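Chemist: There's a structure below that I have some questions on.
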Amino acid sequence: MSRSDVWHLQDSDVRAYAGGGLAGPLLWSVEAHLGACASCRSRLTAAADPRLVDDGWARLDASLDAPVPGPVERLLLLLRVPDHTARLLAATPALRLSWLVAITLTLAMTATIARLADPLVFLAGAPLLPLLGVAVSFGPGIDPTYEVALVAPMQSFRLLLLRCAAVVSVTTVLCALASLAVPGAGPGAAGWFLPSLALTVLTLLLAPRLGTVAAAVVAGVGWGGLVAAAAGVLFTAAGQAGTALAVALAVGLLARRAATFDTDFRRLR
């Protein structure tokens, strides 16, 4: 540094700092001086490559405009989910706190009714909760990031599968906890699990033709009719085996339709 009445940076130090060629402790001394000296900052601006300055401002603007990750997105990032995928998943309406609270309260109420009245209430109602989450996972007028997702470097089918998997995982954990309150909790209290998978896959099969909401309604109404007609068989060992077979067949059919899923789904717009 040179000094007359005050200290100033030497031209060589200014050029070296502008080019990123300084190391500590000289680097720290230069940065401390620049923070207090407007004259040297002006010299640094003149010495720096204009493209570096523009890039710096662009990075600053991007960092200021970037949304703060919510708890779901932070959890996904901790699980090593790529940031763009984590953001699209975190935007799923059914993973928002309000939805999770509503599902938890509904499950608690259903489990209480089942405990006081009939366990069938819980077994028949629990599969519908993942269905509600799947219904609002993706689609025009439902998903706030729908237009963004359409132009994202990811197939709509894959995004919908990821969101459904996240919703079903969360609701499965909540349903499993709620099933502990059902009288005689044991293997029989988990009879809701396979029907919930079957309804989810059925909704995915119908979604390209009807949309997720209408598909979920059709699946839910069909489930209600099936429970009313054959409740005594659905939750037996034979009924569960039949449901498992139905899930396997539906998954195979869904895999065959994956190639045309995006094309069919976009026709709903």
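The values are calculated or read from the model by the stated rules, or taken from the named source; none is laboratory data. The structure displayed is predicted, hence computed values, not measured ones. All Cβ positions, even for glycine, are placed from backbone atoms using ideal geometry, and neighbour counts span all protein chains on display.
Chemist: Taking interchain pairs and intrachain pairs at least six residues apart, which have beta carbon atoms under 6 angstrom, with the first residue in the range 22-51 and within 15 Å of Gln10 (Cα to Cα) and the second hydroxyl-bearing (Ser, Thr, Tyr)?
Modeler: Matching pairs, first to second residue: Val30/Tyr17.
Chemist: Right, next: Given the conditions (1) within 24 Å of Arg209 (Cβ to Cβ); (2) modelled with pLDDT of 65 or more, report the number of the one that Val121 does not fulfil.
Modeler: So the condition that Val121 fails would be (1).
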